[in-house]
Amino acid sequence: MSNNTSRPGSLSKRLNRVKTYLSKPQNAILLALGIMLTITTVFPMITILRDTVLIHPGSKDAVGTALESSFDFGSEKLTSYNWTNLFTGTITTRVGRTRVTRSVADVYLWTPLLNSVLISIFACFGSILYGGIFAYLVTRTNLKCKKYLSSIFIFPYIMPQWTLAVVWQNLFNSNVVTGGSNGLLANMFGITMPQWWCEGIFPVSVVLAIHYAPFAYILIGGIFRNMDANLEEAATILNSPRWKTFLRVTLPLIKPAILSTILLVFSSAMGSYPIPHYLKLNTLSTQYVAMKGDRIGQASILAVIMMLFGFIILIINQRTTSGRKNFTTVTGKSGQTSVVNLRAWKYILSVILILTTLATGILPIVLFAIETFLPNPGDYSFLTNASSLTSKWWLTSENITESGMYGNKGILYNQQIWNAFAGTLFVAICCALVAGTIGTLVGYCVSKNRRSKWAAYVNNMAFLPYLMPSLAVGVAFFVVGSNMGLYDTFLLLILAGTVKYIPFASRSALNSMMQLSGELEEAAIILDIPWWKRMTQIIIPIQKTSIISGYLLPFMTCLRELTLFMLLCGQGRIITTMLDYFDEMGLYAFSSGINLILIVSILIFNYFVNKLTGASLDSGIGGGKK
Amino acid sequence: MARIELKNVTKRWGGYYAVEHLDLNIEENAFVTLLGPSGCGKTTTLRMIAGLETPTEGRITIDDTVMFDSELGINIPPNKRRVGFLFQNYALWPNMTVYQNIAFGLSNINEPGVYVNDAGEVVRDGQDKSKLTLTKDEIKRVIDRVSAIVKIGPFLERYPSELSGGQQQRVAIARTLAPSPKVLFMDEPLSNLDAKLRLEMRSELQRLHLSTGSTFVYVTHDQMEAMTLATKICLIDNARLQQYDEPLTIYSQPRNLFVADFVGNPAVNFIEATGVQNASDSSSSIELEFLDGFKGKFVPESGVDLEAWHNHEAKLQAEDEAKRRGYVEKTNKDLPFKYNIARVHEPEQTQTKQLTHNDFVIGIRPEFIKLSDDGKIEGEVFSAMPTGMETTLKIRVGNFLLTAVAFGEMFYKIGTKVRMDFSGHRIMLFSRENGMRITNGELIINA
């Protein structure tokens, strides 16, 4: 290297080593990313942890401690009150005329925790069952209409989370059972569904399962598609009955996909706010929102517990995916995948699936559309009298208080709504650009340093926010944001969105970069082509599709995100909080209209990006290649 | 021990034929290789016999049991055909240990009177008809036997991912052998191994065939493998059976130009020639002109009447066409085989010439080109590839290149002049018109 003949000192030796390490761009980027991700991921977590021991003026902890701190920490008052009170305190509630004393933990912690865990488990189970069976039917049988089915099946995931919850309400609610206006079923056929069907654990689990079933379909379907058919044929030749082949060969092979589905669905379901909110179930996320008024510190403890689940899932995942049985199933040389002949069942099953996917994919759009033309929420009188339909929710251009508009202009003329829509677009574009770029870089650098521990750490750091329930991440950024005076700014929204969505981009980038042979870049290095040129002329063009997926997924998810953002800004800043606001106000026509606009724009975006670039949402979710 | 019979078996997707009206008789205890270039339909044939693929039409019998018959609507599923199948990529279940992989098939046996004899073989028609399955202990004895045959005893508790390619291959063989199948199908089982291991496994497979006494059907695209292993080779091209014969017959008496070209390494030399049969000569010799100016006389090993031969071939072809008229039209058309004439400079353009009965192609195996100081043809060494045992030479004659093999430790300098002759009576003469071999014989070059 140099003509220096004297032995270099240990310091300069170390310095040289650092220099060599950093001379590779991927190492320098990795170092920078690692530091940055550590801050953005860990800092909010620490903040939220600290928030649980802070005294919040005007909160229960302030009253409980009478502003006396257990110990002093700078100028802020710290206390252990929140923890002790949550776990050991009691609370007196009124049940009818009698006053009942119960422990705080029972009311604020154990019940919502139990509900959260139950719906998460049911959601995992349901989505794997539904998505897995669907994946099997689409990939391994001679089912009809596969193309249509597989594209409409992911609609529920593309649409905002609460869509199906609202549809559920609109279908099954009835004045007799749930109060409020009658749903479609009660209106048209006079059928009233029982309470457990309309509200609580059952509908929440079902809706979550349908919403996340596309995950299972994409992940499991990916393995089914690429699975070496010889593995099953070998069992058949050895006279193994079908069920045994399935249990002993097929199921173990799709186990990794099932595990990753659990990994993704469990914490997503746990952190979901809108679905339990609409379907009236007390979970950790709804409880947090209920408590953040007067029990801020204790609410933060709930957020910490949600985060713990994220960690536990991550650890379990790493335990189960390492070890001797760890294998790749995709060796796929044999192109001859045997297709199971369903005979007459192929028509029956196709019809059933088409009807179900219509109900989960198309019906919501139709219902939302109808809702915006009803004179009053739940007023289905147009079924007998078509003239009762109205376009006032769309077209009212002046400020009137009559006809239930409460001074709001029609959707098309409503500046507030379109401002919020523009805000959402702005946030989504920024998040997509930042998260997509960082994620792609993470994928690139990690794939270049496959064996390095630091790379594995950076990868985990980038992925961790995914396992954090959305609400918990939202809480963390809420606490950070309020401390720094960033509340209700686009900056805070973009920051939170970016951190939460980097995993989408990093996963899809990593998966595709791993398949890219290092020789392609090495050939360019030998020719002394600079790094940025290698990226722009070789790597990026080759990985175009998956990189675009990496940008697309944060964008789409951002458009319809509520849980993450609802704590971070006022109601008019972005469209989803706007929607939530109208919903709370009972202006269902407006919220339905906004839902409609959102869904339609997401579908249009998805369609065009898919047509123009070939990238699609499904290739990003699990990185499963089609 | 089993006979396999294929009658008029066809597999097609629309108009695309994977296997076209194949008739094949595989005798008991035979080792038959299905040979052909990739995509010719050999794997499909194998999978149809095993039941993994359903033929479009035809009839397949193993021993005297009809396994498939399109007219009778019989189709016995693969798991009931009691055959063994060795996959190209082994298809070992990655979630099971080696022991579990082998035991899996044994645990599926469910037949009255099954037991394991002292040799560790599964026997199916025992006295005790109430015994349907194998006990754990019996399974262990079978695994002991097969793991000893393929020498995988030390790896029984490992997972497939912890084995090398060769070891995985052995495990796959053990798994296939364990239930003592009467027929063993192998789909390019050695193509994933390195050259040295392949050679080793080849000889082991041969020993295995001898010791098990089962019927082996073996798919390969490697003609060397087919030549060395098989008792009979079934050569397929573009879904059609080209020749079904013993290896040496295929080598020395190929039916057509394709077979002659496909079998043999280094490949046969083709030389285009024109000439007429001597009407007066009792040996029915043919005067030929070839290699831009060389003249010679081809003497058939037994008399042949060219006119009669052509008539006979034309009749066969007409019959074949008549038979195929009723079939669905083949979209992957049978084109005449384009044999390769090696030249130093490729001609700019090849004009299509109207071929007659007087156009021939001479086929000369490299070992029949004899180098000698008084040879009648002079050439120049174009390239020389010595392996130690022999040297493969390309010799330039005018614009043509001929491949020759010289045995022994000799050094040939590129560019030196050599002289040679075509020796022996196994020079092949093909009709250039229809690509079929007319006869073998001797080629005497005029001085």
Using a basic spin-label model with each label point 7 Å from the Cα along Cα→Cβ, how many nm lie between A:VAL340 and B:GLU307?
-> 6.8 nm
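Sorting check: for A:304-314, B:383-393, which peptide has the highest mean count of neighbouring beta carbons within 10 Å, and how do the rest follow?
Numbers: A:304-314: 18.7, B:383-393: 14.4.
The densest-packed peptide leads the list: A:304-314, B:383-393.
Please report Rg over Rh for the range B:350-447, where both radii come from the alpha carbon positions and Rh follows the Kirkwood definition.
Numbers: Rg = 15.1 Å, Rh = 14.8 Å.
Taking Rg over the Kirkwood Rh, I get 1.02.
Could you work out Rg/(2.2 N^0.38 Å) for the range B:13-61, with Rg from alpha carbons only?
Values: Rg = 11.3 Å, N = 49, 2.2 N^0.38 = 9.7 Å.
Ratio of Cα Rg to 2.2 N^0.38 Å: 1.17.
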Label B:ASP194 and A:ALA456 with points 7 Å out from Cα along Cα→Cβ: what is the distance between them in nm?
-> 2.9 nm
Using the 2.2 N^0.38 Å rule of thumb for compact globular proteins, work out how the range B:236-283 stacks up: its C-alpha Rg over that value, please.
-> 1.50
Magnitude of the Cβ-charge dipole (Lys and Arg +1, Asp and Glu -1) of the protein assembly as shown about the Cα centre, nearest 20 debye, reported as 3080 debye
Can you tell me the 0 to 90 degree angle between the C-alpha axis of helix B:165-177 and the longest principal axis of chain B, rounded to 10?
-> 60 degrees
At q = 0.07, 0.12 Å⁻¹, what log₁₀ I(q)/I(0) does a Debye calculation on the Cα points of chain A give, no solvent, two decimals?
-> -0.51, -1.36
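If you count, for every residue in B:77-88, the Cβ atoms of partner chains within 10 Å of its Cβ, what is the mean?
Values: counts 2, 6, 10, 1, 2, 2, 2, 2, 6, 2, 9, 3.
Taking the mean over all residues of the peptide, I get 4.
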Farthest towards the positive end of the dipole of chain A, among A:SER601, A:THR90, A:PHE463 and with Cβ unit charges of +1 on Lys and Arg and -1 on Asp and Glu, lies the Cα of A:PHE463
How much FRET efficiency would the formula 1/(1 + (r/R0)^6) give for B:MET436 and B:LEU132, where r is the Cβ-Cβ distance and R0 is 41 Å, rounded to 0.05?
-> 0.15
Farthest towards the positive end of the dipole of chain B, among B:MET201, B:PRO386, B:THR45 and with Cβ unit charges of +1 on Lys and Arg and -1 on Asp and Glu, lies the Cα of B:MET201
Give me the percent of Cα-Cα pairs in chain B that sit more than 38 Å apart, rounded to a whole number.
-> 37 percent
Other protein chain Cβ atoms within 10 Å, averaged over every residue that makes up A:227-236 | 6
The helix B:306-324 Cα axis meets the longest alpha-carbon principal axis of chain B at an angle in degrees, between 0 and 90 and rounded to 10, of 40 degrees
Report ³J(HN,Hα) in whole Hz for each residue of the range A:169-177, in order, from the Karplus equation J = 6.51 cos²θ - 1.76 cosθ + 1.60 where θ = phi - 60°; Gly and Pro get x.
-> 4, 4, 7, 9, 4, 8, 4, 5, 8
Per-residue HN-Hα couplings for the range B:235-240, Karplus 6.51 cos²θ - 1.76 cosθ + 1.60 at θ = phi - 60°, whole Hz, x for Gly and Pro?
-> 9, 10, 9, 6, 6, 10
What 222 nm value per residue comes from the helices of chain A, counting each DSSP H run with n ≥ 4 as -39,500 (n - 2.57) and dividing by all residues, nearest 500 deg cm²/dmol?
-> -20500 deg cm²/dmol
Members of B:LYS370/B:LYS413; A:LYS255/B:LYS196; A:LYS146/B:LYS42 lying beyond 26 Å, as alpha-carbon distances in this model show | A:LYS255/B:LYS196; A:LYS146/B:LYS42
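Calculate the all-directions average of the projected area of the protein assembly as shown's alpha-carbon convex hull, and give it in nm². List each step's numbers first, then the result.
Working: hull surface 257.5 nm².
Directional mean of the projected Cα hull area for the protein assembly as shown stands at 64.4 nm².
With each run of n ≥ 4 DSSP H residues scored as -39500 (n - 2.57), what mean residue ellipticity at 222 nm is computed for chain B after dividing by its residue count and rounding to the nearest 500 deg cm²/dmol?
Details: 9 runs with 102 residues, N = 447.
Dividing the helical sum by the residues of chain B leaves -7000 deg cm²/dmol.
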Take every residue in peptide A:242-253, count the Cβ atoms of other chains within 10 Å of its Cβ, and give the average of those counts.
-> 2
Whole-Å distance linking the alpha carbon centroid of the range B:350-393 with that of the range A:191-263 is 63 Å
Nearest-0.05 FRET efficiency for A:LEU31 and A:THR84, computed from C-beta distance (R0 45 Å) | 0.60
Could you state, as a whole-number percent, how many of the C-alpha pairs of the range B:51-90 are farther apart than 16 Å?
-> 37 percent
Ranked B:ARG207, B:ARG81, A:ARG451, criterion: other C-beta atoms within 10 Å, fewest first | A:ARG451, B:ARG207, B:ARG81
Residue farthest toward the positive end of the dipole of the protein assembly as shown, with Cβ of Lys/Arg at +1 and Asp/Glu at -1: which of B:TRP13, A:ILE39, A:ALA523?
-> A:ILE39
In degrees between 0 and 90, to the nearest 10, how far off the longest principal axis of chain B does helix B:136-149 point, with axes built from Cα atoms?
-> 20 degrees
With a 10 Å radius around each residue's Cβ, average the other Cβ atoms per peptide and rank B:121-132, B:173-184, B:38-49, highest first.
-> B:173-184, B:38-49, B:121-132
Highest-first arrangement of A:432-442, B:194-204, where packing means the average Cβ count within 10 Å | A:432-442, B:194-204
Please state, to two decimals, what the Cα-based radius of gyration of the range A:79-121 comes to when divided by 2.2 N^0.38 Å (N = residues).
-> 1.38
Return the distance in nm (one decimal) between the two label points of a simple spin-label model at A:ILE538 and B:LYS417, each offset 7 Å from Cα along Cα→Cβ.
-> 5.3 nm
Percentage, to the nearest whole number, of Cα pairs in the range B:237-339 over 18 Å apart = 66 percent
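Suppose R0 equals 25 Å; then what is the FRET efficiency for B:ALA148 and B:MET224 from their Cβ-Cβ distance, rounded to the nearest 0.05?
On the way: r = 29 Å, r/R0 = 1.17.
With a Förster radius of 25 Å, E is 0.30.
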Taking H as built 1.01 Å from N, whose amide H comes closer than 5 Å to the amide H of B:VAL19, not counting residues under 5 places away?
-> B:LYS11
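We did not get these values from a lab; they are worked out from the coordinates using the rules stated. Because the structure is predicted, anything quoted here is derived from the model rather than measured. Note that we place each Cβ from the backbone using ideal geometry, even for glycine, and neighbour counts take in every protein chain shown.
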